[in-house]
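J.: Following this message is one structure expressed as structure tokens.
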Amino acid sequence: MPRILSGIQPSGKLHIGNYLGAIKNWIGLQDDKKNDCFFFIADYHSITEDYDPREKSKEIFDLAIDLLALGLSPKKSTIFQQSKIPFHTELAWIFNTMVKMPELERMTQFKVKAKKQTYNINIGLFDYPILMAADILIYKAEAVPVGEDQIQHLELTREIARRFNGKFGKFFPEPKSILTETPKIMSLTDPAKKMSKSGGDKSYIALADSPETIIEKIKSATSDTGGGKDKRGGENLLSIFNAFAETKSEKIEYKNYKKDHEAGKLKYSEFKPRLAELIINYFAVYRENRAELSKNPDYIKKILEDGDKKASAIAEVTLREVKKKIGLII
Ligand code: AMP
Ligand code: TRP
């Protein structure tokens, strides 16, 4: 069975970029019985950025609720918390000795975050892709559903696998990435940048946003600028519409809006409220599920504990084999 794995950081609210770039695929992949799916909360990654220790456990807990409310199922996937499995960080240490500093200095995400966080360019931020490679390879995962911004990290993961196999004998697969049709959703306020929480409140739509907030944010979203010359804002909104269009008639609606946009005559006063409505309806079930799940914290904890056990058993074996291969077992 092909093993699929991905992770997400608990660092505040989920936004539609996270959903359309990654989580939507996770839900689809777990429904295929051929796949052996692992999804985890990357809490160790999340502490490389500024955080409030009083908030962190709630963020972890809320993310677990969000993932379940969106449709991840403990019956179909193994769902767990990264920091509960010490073998990831142990393998990361071994990989640390196999990668040279310039290879990490080249990482786009590191460069962007280092610029943002000049007062705290910590070693964890630098080493982030190595821990990510360990997360993936410790389960010998073959495919990793992520957004476009993680592709460079996956390339490094494959390079580490090749290097390890070359030196110690074939052991790790070279995991490929799986992208959605919308691997990079752009910011609502600056369509040249990807949607992210760091772009400010109005730049993203959080899954937990109320219908009123969604309407407001779409209304104020950048559309076409420069007298219609720069169409990136409009294209981004259209691609979001397309991604949330599920029925045949919604798909037709999308095609018409797209045609109008290309011809430079899209009426945003009609299109924008319709887009907001589509998003609001799409997440109605999620909002209900979320409210239900929030009432039952013990159930959430139990799911993560079960997942931790399953993941741990696999990770422990891989680490032992790695230690043997590299000569640490006397
Ligand atoms: P993060 O919140 O950084 O842990 O990201 C979780 C997942 O969402 C990763 O697979 C990212 O690649 C994906 N992601 C984050 N932002 C976007 C975006 N603007 N468009 C598409 N995917 C995204
Ligand atoms: N770096 C990923 C992100 O920011 C999260 C992550 C950590 C991850 N470990 C992973 C994703 C392993 C896929 C596989 O989105």
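J.: Over the Cα atoms of the chain, what is the Rg over Rh ratio if Rh follows Kirkwood?
T.: On the Cα set of the chain, Rg over Rh gives 0.99.
J.: Round to the nearest 0.05 the FRET efficiency obtained for A263 and K176 when R0 = 35 Å and r is the Cβ-Cβ distance.
T.: Efficiency for this residue pair is about 0.35.
J.: Can you list, bin by bin at 10 Å, the percent of alpha carbon pairs in region 1-149, starting at 0?
T.: Each 10 Å bin holds this share of Cα pairs: 10, 38, 38, 12, 1.
J.: Leaving ligands and nucleic acids out of the surface, order D298, D50, D308 by accessible area at 1.4 Å, largest first. Kindly include the intermediate steps, with their values, before the conclusion.
T.: On the way: D298 115, D50 90, D308 15 Å².
Most to least solvent-accessible, the answer reads D298, D50, D308.
J.: What residues qualify as long-range amide H neighbours of F80, i.e. H under 5 Å apart, gap of 5 or more or another chain, H built at 1.01 Å from N?
T.: Amide H neighbours of F80: F39, F40, I41.
J.: Using only Cα atoms, figure out Rg for region 119-171 and give it as a multiple of 2.2 N^0.38 Å.
T.: On the way: Rg = 12.4 Å, N = 53, 2.2 N^0.38 = 9.9 Å.
Normalised by 2.2 N^0.38 Å, the Cα Rg of region 119-171 equals 1.24.
J.: By how many nm would the segment from K248 to I330 lengthen if fully extended, with 0.36 nm per residue of separation less the alpha-carbon distance?
T.: My answer for the length gained is 23.2 nm.
J.: Tilt of helix 86-96 relative to the longest C-alpha principal axis of the chain, in degrees (0 to 90, nearest 10)?
T.: For helix 86-96, the angle is close to 80 degrees.
J.: Quick one: if you stick a label point 7 Å off each Cα along the C-beta vector at N256 and W93, how many nm between them?
T.: The modelled label-to-label distance comes out at 6.3 nm.
J.: Now, a different point. Modelling each spin label as a point 7 Å along the Cα-to-Cβ direction, I'd like the Q152/D32 distance in nm, to one decimal.
T.: The modelled label-to-label distance comes out at 2.8 nm.
J.: Only Lys, Arg, Asp and Glu count, each charged at its Cβ (+1, +1, -1, -1), so figure out the dipole size of the chain about its Cα centre, rounded to 20 debye.
T.: Taking the Cα centre of the chain as origin, the dipole is about 720 debye.
J.: Which loop-located trypsin sites (Lys or Arg not before Pro) does region 1-85 contain, where loop means any DSSP state but H, G, I, E or B and the Cβ has at most 14 other Cβ atoms within 10 Å?
T.: In loop regions of region 1-85 (DSSP not H, G, I, E or B), the sparsely surrounded trypsin sites (Lys or Arg not before Pro) are K33, K34, K75.
J.: Shifting gears a bit: Taking the simple approach of a point 7 Å from Cα along Cα-to-Cβ for both K229 and K184, what is their distance in nm?
T.: 2.2
J.: To the nearest Å, what is the center-to-center distance of region 254-311 and region 144-201, using C-alpha atoms only?
T.: 23
J.: If contacts are Cα pairs under 8 angstrom and at least 6 residues apart, what is the relative contact order of the chain in percent?
T.: 23
J.: A further question follows. If I take R0 = 35 Å and measure r between the Cβ atoms of Y51 and E212 in this structure, what FRET efficiency does the formula 1/(1 + (r/R0)^6) give, to the nearest 0.05?
T.: The value I calculate is 0.75.
J.: Got a number for the accessible area of T97? Probe 1.4 Å, square angstrom, nearest 10.
T.: Here the accessible area works out near 100 Å².
J.: How large is the Rg to Rh ratio of region 76-227 when both quantities use alpha carbon positions and Rh follows Kirkwood?
T.: 1.04
J.: Right, something else. In terms of solvent-accessible area of protein heavy atoms at a 1.4 angstrom probe, what is the ranking of R162, R290, highest value first? Present the calculation step by step, with values, prior to reporting the outcome.
T.: Numbers: R162 105, R290 50 Å².
Ranked list, largest accessible area first: R162, R290.
The values are calculated or read from the model by the stated rules, or taken from the named source; none is laboratory data. Small disclaimer: the values here were computed from a predicted structure and weren't measured. No Cβ is skipped: glycine too gets one built from the backbone with ideal geometry, and neighbour counts run over all protein chains shown. These accessible areas exclude ligands, DNA and RNA; they are computed on the full protein's heavy atoms, side chains included. Shrake-Rupley method; radii C 1.70, N 1.55, O 1.52, S 1.80 Å.
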